Structure formats: structure tokens, C-alpha cells
1. What residue, of I96, I117, I121, is modelled with pLDDT under 95, under 28 Å from the mean Cα position of the chain (by Cα) and of a type in the set (V, I, T)?
2. For F368, are the conditions met, namely being over 27 Å from M431 (Cβ atoms) and either crowded, with 16+ Cβ neighbours inside 10 Å or hydrophobic (A, V, I, L, M, F, W, C) (or both)?
3. Kindly provide the set of residues from region 415-427 that are among the hydroxyl-bearing types (S, T, Y), in contact with a Phe, Trp or Tyr (Cβ under 9 Å, 6 or more places away or on another chain) and either without any contact (Cβ under 8 Å) to a residue 12 or more places away in the chain or surrounded by fewer than 16 Cβ atoms within 10 Å (Cβ to Cβ) (or both), ordered by number.
4. With the condition kept exactly as written, say whether any residue in region 259-280 is touching a Pro at 6+ places or on another chain (Cβ under 8 Å) and at pLDDT 95 or above.
5. Any residue that is assigned to a loop (DSSP other than H, G, I, E, B) and open to solvent by less than 20 Å² (accessible area, probe 1.4 Å) - is there at least one of those in region 106-117?
6. Kindly indicate the residue of region 297-314 that is touching a residue at least 40 places away in the same chain (Cβ under 8 Å) and not β-branched (V, I, T) and also farthest from I398 (Cα to Cα) among those meeting that condition.
7. Would it be correct to say that K430 is open to solvent by 10 Å² or more (accessible area, probe 1.4 Å), modelled with pLDDT of 95 or more, on the phi < 0 side of the Ramachandran plot and part of a helix (DSSP H, G or I)?
8. Please go through region 44-55 and pick out each residue that is buried (at least 19 other Cβ atoms within 10 Å of the Cβ), part of a loop (DSSP other than H, G, I, E, B) and either touching a Cys at 6+ places or on another chain (Cβ under 7 Å) or not hydroxyl-bearing (S, T, Y) (or both).
Amino acid sequence: MADQSVFRITKELSDLQKNSDLSLAVACRDIDVRNVKALIIGPHETPYEFGFFEFAFKFNKDYPRKSPTVNATTTNGGRCRFNPNIYANGRVCLSILGTWRGERGEEWSAAQGLESILLSIQSLMSSNPYENEPGFEDANEASDKKNQKDYVQKIRHETLRISVIQRLEEYLGMSLDGSVAPPAATREDYDLDMDVMDDDSTVPFEPFKDLCKRRFLWYYDSYLAAVQKGKEEVKDGQLFTRMPFEGTSNTMEGKFNYTELERRLRNIKKALDAETDGWATEGLAAKAKESTVAVNLQRQFEQIVESFKRADIPHNLELVDNNPFVWILTYFGKPMTNLDGGLFRIRLTFSPRFPEEQPRIKFETRMFHHRIASDGTPCYFASPSRREDAKSHIEAVIEALEEEHPAYDPRTLVHPEAFKLYWGSPEDRKMYNRRLRRSVQQSIE
């Protein structure tokens, strides 16, 4: 039974890691498949929008006959209840987990699994979470309507403060004043014996660190928009309203301070940009040492250049200062499309820890496009099975640019203005096309 349980968990993890769901991520240590970390990115048009919510799963030997235990870990140290069904102490109330009484047929079955639990939790993160509380599903009094609005306002604030800002500041080693501590020494900095190098049990397990950094760059403009909306609705210093179902130790208490949140968001963005720039310097040092990553990137660069020549692809690829960690791609717009005639300079910066840290890509030539953030960061999906293949990142960026009939997906909302025009009315789409063409023309001026 134990072997079957491990086999089932391993398969579910593999399936989730291979799919293209942009709002779910899972990971575990190789030696401990029964303890799984999961990340849910908050849904669009909810107070949880683009927040990073982490959960810990513990699978027992009876899985899948019995459900795993699940605890929320994004709780500000047990002080914040983010939802009527997600307690400050980490408890997640769901009928399929046996932590809440449900209707007949809603209990756990072996046909369910890790993904179905994550989707159930994600469904709790609705636009009106107030109604998740039993007995409040149809609450329609004037006091309820006010509470609903107040509840959304404080969840939006704490989503930004706790799930996004605190998390990124911890990842970057930032203090409240925006200063960044020197990075901790990496393994490459020391001549460790192999026994020490192979033992990672004492290394903090932060599987979503790079993902959250990259998604922050995707959603940065949306975070600022949420701050602006908050400023219009509440005043700094205003206390949170306690909900009728919140207890003294299971609540969300505090006060609004969107001015401070905006300052911290901007500092995180600066720190991430500085970190990316620092990779170039680290890269030159790694090249001088002839590190494995430096040699690998140099080889991949040469192979891609040769493949462009063989396939008669017009795009040009070169190194910056002969640094294999910084590439410049010159993209020629696809003929017979709105990109036709454009000439765009794209910088790819690789980490000395690639592929554990994925490359950061930025359009240095401005393009008005619904898949490119205002700072030039593209929203693209490289195949999870080809994370170490630099060419797959280039191909994925070009595919995102040239895709003619993309499916509507709010998780790709990286440029709010362009996204709204692209998916708006026919007149909005015409305006979008005009602005895209204008940016294409400006690229060659």
C-alpha cells in the first residue's frame, strides 16, 4: 500500500508540474515525497488577485483512500485569517478534506487528488468571500452589504502586504527601508567536500522563490493598480472592520496604509532589477572560472546562432561584452502581421544558477502589446520539460508575440491597458491594433 501511495503522489506531482496552469505550482524534496508544498496564485478580479498563497500537504500511507492533511502557511505567522474557510492557524475547511461537514457526495474519494484539492481551495478565493461563511451565503441586509465591501477591502490590502510584499522582501533579504542585505554565499563560493554538498537537508526549501520573483515582474502594474484603487476607497490609518464571524484569535486585524505598500512595491521592483543587473557581473566572474553554467550557456548560444543561420531565420543573436550570461536578440517583426517591419531589441539575462533561476527577459525597444508589461517584461510560457534549454525561452517569447488567436486568459494580464483594449469591444481592438502598429513604426525610427 505504501509503495502504491508514493507512486500515486509522484504521478500527481509530475502531472501538475508538466501542465500549463499559470496559477498552481507544487514541489517537494526528492527524499520526502509525502510532504508537498503548493502555491496558489490568487484569481483575477478578486481581492486575492495575483497574491502568492502557500499551502503544506502531508500525505499519509493510506492515500488516496484517505485525504491528505492541508495547512495554509501564508498567515503572517498565524495572525491573519484570509478567508472564512482558511483560518489564521492554517486550518483549511473543506468537505473533501473532512475538515467541514458537506452535502452527501462532497466527501473525499480516491478519484480526487492534489489538483482537485488545490482547485477547491482556489474556488474559495472569490470576488465576495464574505458569503463563504456558513449562514452568510444569502446575507443581503444593508449591514451585510457594507461588511462585504469592508471585507474585500481588507483582504486586498493584506494580500498585497503579506502574500506579495512580505514574501518578496524575505526572498530578496530586504529591510523595511528598502535596503538589501548582501546575498548569502552560494555553494560555488566554497570548496566543499562532496558529502556536505550532497546534504541539502539544512538548506531552506523555497521552491517558489524564482517563480514568485518572475510573476511579480509580470503583475507589478496590477499591484500598483490595486494600490491606487485602495487609495480611492479608504484612508491611510483607517482600521480594518471586524467581520461577524471573526473571533479574537482567528481574524484579520490591522489598518490601511496603501502609501507605505506602494513605497515597498517600488523598492521591490528596484531590487529585482538590480538583482538582474548583478547577474551580468556574477556571470563574468563565472566565465573567468569556466564554471559549468558559463560553458553551457556559451555552447547553447553558439548552437542557437548556427540554427538561425541554417533555418534562414532573420533574427540576430549576440553576446553583450562577450558575456555568455547576457544575450541580445534582435527580433524582426513577422511579415503580413501587425509586427511587420518592426525591429525590436530584447535582452536575455541568465543567472549563474540557471536553470534553477530562470532567465529574465526584457524588451529594450518599447512595444505596445498585451503580453508585454510596460517595463518590457514579456509574459511567456517555456516548456517545463525544457527549462534548461535557452532556445525554448526565445521560441516561447516569439510565440507569445505572434500568436494570432490566443485564448482569453486573465493570468496573462501583464499590461492592464493593452489587455483591456485587446479583449474589449471591436472598437477597442481597433485602437489596440493602431497602438501596436504605432510602436512597430517607432521601433525603426
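The values are calculated or read from the model by the stated rules, or taken from the named source; none is laboratory data. Please read all numbers here as calculations on a predicted model, not as lab measurements. Cβ atoms come from the backbone with ideal geometry, glycine included; neighbour counts cover every protein chain shown. Accessible surface areas use protein heavy atoms only, side chains included; no ligands, DNA or RNA. Shrake-Rupley method; radii C 1.70, N 1.55, O 1.52, S 1.80 Å.
1. Details: I117 fails: modelled with pLDDT under 95; I121 fails: modelled with pLDDT under 95.
Only one candidate qualifies: I96.
2. On the way: over 27 Å from M431 (Cβ atoms): no; either crowded, with 16+ Cβ neighbours inside 10 Å or hydrophobic (A, V, I, L, M, F, W, C) (or both): yes.
In short, no.
3. Of region 415-427, the ones among the hydroxyl-bearing types (S, T, Y) are 422, 425.
After this cut, where a residue has to be in contact with a Phe, Trp or Tyr (Cβ under 9 Å, 6 or more places away or on another chain) as well, the list is 422.
None; the set is empty.
4. Initial filter on region 259-280 (touching a Pro at 6+ places or on another chain (Cβ under 8 Å)): 279.
Pick out the ones that are also at pLDDT 95 or above and you get 279.
So far as region 259-280 goes, yes, one or more of its residues are touching a Pro at 6+ places or on another chain (Cβ under 8 Å) and at pLDDT 95 or above.
5. Step one: filter region 106-117 for residues assigned to a loop (DSSP other than H, G, I, E, B), giving 106-113.
Those still in the list that are open to solvent by less than 20 Å² (accessible area, probe 1.4 Å) too: 113.
Yes, the conditions are met somewhere in region 106-117.
6. In the first step, residues of region 297-314 are kept if they are touching a residue at least 40 places away in the same chain (Cβ under 8 Å); the result is 297, 300-301, 303-304, 307.
Keeping just the survivors that are not β-branched (V, I, T) gives 297, 300-301, 303, 307.
On the way: L297: 20, Q300: 18, F301: 17, Q303: 18, S307: 16 Å.
Filtering first and then ranking leaves L297.
7. On the way: open to solvent by 10 Å² or more (accessible area, probe 1.4 Å): yes; modelled with pLDDT of 95 or more: yes; on the phi < 0 side of the Ramachandran plot: yes; part of a helix (DSSP H, G or I): yes.
Yes: the conditions hold for K430.
8. P47, E49, F50, G51
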